[in-house]
1. Among the residues of the range 27-53, which ones are under 16 Å from Tyr5 (Cβ atoms) and assigned to a helix (DSSP H, G or I)?
2. On the basis of being loosely packed, with under 11 Cβ neighbours inside 10 Å, at pLDDT 85 or above and of a type outside the set (Ser, Thr, Tyr), does Gly10 make the cut?
3. Name the single residue that is nearest to Leu11 (Cα to Cα) among those in the range 44-74 being exposed (fewer than 12 other Cβ atoms within 10 Å of the Cβ) and at pLDDT 80 or above.
4. Six or more apart or on different chains, Cβ atoms under 6 Å: show the pairs whose first residue is in the range 22-38 and over 20 Å from Leu11 (Cα atoms) and whose second is at pLDDT 95 or above.
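The values are calculated or read from the model by the stated rules, or taken from the named source; none is laboratory data. None of the values given here were measured: they were computed from a predicted structure. Virtual Cβ from ideal backbone geometry, glycine too; neighbours counted across all protein chains shown.
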Amino acid sequence: MTGYYDYVLGLIPVAMLGITAVLTLVGFSLSLAVPVGASASALVIGHALFVNGPVTPGTDAPTPATATQQAPVNAD
């Protein structure tokens, strides 16, 4: 089953090469088309990392209901 990040990994080279090729065929110079394609790929990567970032399910700290009640340590 393909997920979001599988699509992102496929879209990175498609955006880079596809946008560069389309802009070159339309008539833009290659030195302009490559940075535009690269910035589109960078936007895809940025969205995958920061907007819809990978998270692991689970708790980081125990909740008070599951934490054990212990007396504080007396260091004196």
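1. Result: Ser41, Leu43, Val44, Ile45, Gly46, His47, Ala48, Leu49, Phe50, Val51.
2. Here the answer is no, as Gly10 does not meet what is asked.
3. Among residues in the range 44-74 that are exposed (fewer than 12 other Cβ atoms within 10 Å of the Cβ) and at pLDDT 80 or above, the one nearest to Leu11 (Cα to Cα) is Gly46.
4. Short answer, once both residue conditions are applied: Leu30/Thr24.
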